[in-house]
Amino acid sequence: MTYNIKYIMGYMGMGLQQWIYGMQPRKPFSVEPKKTFTALPKYSRTFKLQPSKPVGNFYIIFSLLLLSFFVVVVFVKKPAFLEHARKVQHQKTKRIEVFNKEAFLFLMKSGKSRLQNNNIIGAYSEFKLAHNLSPENKEAKDLLFNTTYILCENNNAFCKELGLLVSNF
């Protein structure tokens, strides 16, 4: 007794093709080739050439109006946008300057503290960072030079850096 699969399932499945749900069960232990799907019918539709419908001036005028509206909006908003961008850039620059100033003061304070605690290498690193933030500051230059000089007396590896400092001052 054979049952047709499409009647057992009760529906055709979601998106399954007819050749899949129409397959018959095979005999046990037999090897039969699977049936291929049904061939597509030949496409036999013909087209006749005819002139295209004339496009009215409405679409052209509407496109030009839309384009001109966009151009006007850009030219009206451009100065306001540029002014806003300038303000944002100025605030960003100001914030960076304040941050660098605070970092410089912290590094100088930390370097002096390390110098008092006889941590010369730590003080040297702090003064070097402070000098990188503010190369014009005389106090940072002097402290960096003095700590490098002390390190050069103790360790010859810092003498090369001392030479570079002397040539830059």
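Only the coordinates and a few stated rules stand behind these numbers; no lab work does. Everything numeric here is computed off the predicted structure, so don't read it as measured data. Heads up, the Cβs are rebuilt from the backbone with ideal geometry, glycines too, and the neighbour counts pull from every protein chain shown.
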Completion exercise
Reported set for region 141-158 where residues are closer than 16 Å to ILE120 by Cβ and surrounded by 14 or more Cβ atoms within 10 Å (Cβ to Cβ) is LEU143, LEU144, PHE145, ASN146, THR147, THR148, TYR149, ILE150, LEU151, CYS152, PHE158
Exercise for the section: Confirm whether TYR149 is in contact with a Ser or Thr (Cβ under 9 Å, 6 or more places away or on another chain), hydroxyl-bearing (Ser, Thr, Tyr) and on the phi < 0 side of the Ramachandran plot. Expected result: no
